[in-house]
Amino acid sequence: MGLDYSYEIITPARNVSRALVELAKLAPEGRRVPPLTVTLPGGEQVVVPFTSHFDSEPVDCSSGNRLELDTSITFGVDDAVRAYCEDSRTECDEFGRVALGYIYLTVTFAPERHPDFASLVFTAATSRMSRLFERSASVRATFTGLTVASGGVACLLDTETDTVEVCWLNGRPSQETVPSSYLAGYDDFVARWRG
């Protein structure tokens, strides 16, 4: 079994379409994937340059189901990204960014512990990518930037331990560590941003 590190963005449920539009801006230019239409709870539709279960058929989440996307995201190059790219022979684009994928996105609408919000979990596809998630300031900045752009309240890095690192909380960068979501102390953390 490999590592499955992930970044989680918590945003008010009404902001999911905004988060997906902002995420689409991070897709690599000229990606050869047919556009995917996603119908969100409430009926709003968003078109994204990704697949769902490696398919481009429209996805209907209007009944509040989960949404799963296979994404490719561009990141700025820092030392950790550069080392990752040299090992995989990945090239920079004309803007000095590198496309990494697949990064699996699971959107949970109205999770049980915070029903007025949505959870967007971006999971690394490989152990190497998981380590990159943990080491790269550029990757962290991309996910915290997406949190800000989508009106999110929190951005967390989960490295599969009993704690998660808070990267962004209530409009500010953070480096705090809190209990993982399956531990009792996590509810205290949720109470800090629910208001």
Pairs please, first residue from the range 136-155 and over 14 Å from residue 100 (Cα atoms) and of a type in the set (Val, Ile, Thr), second anywhere and assigned to a helix (DSSP H, G or I) and open to solvent by less than 20 Å² (accessible area, probe 1.4 Å), Cβ atoms under 6 Å, 6+ apart in sequence or on different chains.
153/193
Going through the range 152-174 in order, the residues found to be touching a strand residue (DSSP E or B) at 6+ places or on another chain (Cβ under 7 Å), assigned to a loop (DSSP other than H, G, I, E, B) and not hydrophobic (A, V, I, L, M, F, W, C) are 152, 162, 174
Residue selected from the range 134-148 under the condition surrounded by 16 or more Cβ atoms within 10 Å (Cβ to Cβ) and closer than 12 Å to residue 10 by Cα, by the criterion nearest to the chain's Cα centre (by Cα):
143
Looking only at residues in the range 57-100 that are under 22 Å from residue 120 (Cα atoms), modelled with pLDDT under 95 and in a loop (DSSP other than H, G, I, E, B), which one is least open to solvent (accessible area, probe 1.4 Å)?
61
Say whether the condition of being surrounded by 13 or more Cβ atoms within 10 Å (Cβ to Cβ), aliphatic (A, V, I, L, M) and either closer than 26 Å to residue 131 by Cα or over 19 Å from the mean Cα position of the chain (by Cα) (or both) is met by at least one residue in the range 33-54.
yes
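The values are calculated or read from the model by the stated rules, or taken from the named source; none is laboratory data. Bear in mind the structure is a predicted one, so any value in this text is a computation, not a measurement. A quick note on method: Cβ atoms are made from the backbone with ideal geometry, for glycine too, and the neighbour counts reach across all protein chains shown. What goes into the accessible areas is simple: the full protein's heavy atoms, side chains included, and nothing from ligands, DNA or RNA. Shrake-Rupley method; radii C 1.70, N 1.55, O 1.52, S 1.80 Å.
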